[in-house]
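Below: the structure, in structure tokens.
What follows is calculated from the coordinates using simple rules that are stated; it is not laboratory data. A quick note: this is a predicted structure, and the numbers were derived from the prediction, not measured. No Cβ is skipped: glycine too gets one built from the backbone with ideal geometry, and neighbour counts run over all protein chains shown.
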């Protein structure tokens, strides 16, 4: 009897631990770097709050002396420092309950080749309505997220 109770509990715990892997990552922007140019780059086109934010190097791994976030309340905080391996999502540390990022400042450079980019990816999660109400929804964000297309597909299956 104990064995049958342990198996479902273990399955629930494993599924709960694995849930961040199922985050709905969407690429919301990117920034470019070269070895010759200045390494300070800004990205400030956020359409709403995020559950989780990650960075992904493309073209080369990157070395970042600092990635600093400015939040909706005006506070700033370094959210990443170190190496960004090419092709891997690296989740950045957002403090406490602050989920409204207004700007990211990058001090990074390509580790190997002359050019590289960082894709900014987000799990918008429960903040979808906030993004939909952004003034840039029709012009920008409706083309980035496939939420409406998902709803249309689900309606057609019924």
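Annotations
- Between residue 133 and residue 93, the modelled label-to-label distance comes to 3.2 nm, taking each label 7 Å out from Cα in the direction of the beta carbon.
- Mean Cβ neighbour count within 10 Å, used as a protection proxy, ranking 51-58, 123-130 highest first: 51-58, 123-130
- Label-point separation in nm, residue 143 to residue 27, each point 7 Å along Cα→Cβ: 1.4
- Förster-model FRET efficiency, 25 Å R0, residue 117 and residue 73, C-beta, rounded to 0.05: 0.30
- Region 25-140 - share of DSSP beta bridges that are antiparallel (%, nearest 5): 100
- Cα gyration tensor shape of region 25-140, rounded if a/c is under 1.5, else prolate or oblate by comparing a/b with b/c: prolate
- For residue 103 and residue 65, the FRET efficiency from 1/(1 + (r/R0)^6), where r spans their Cβ atoms and R0 equals 25 Å, is about 0.90.
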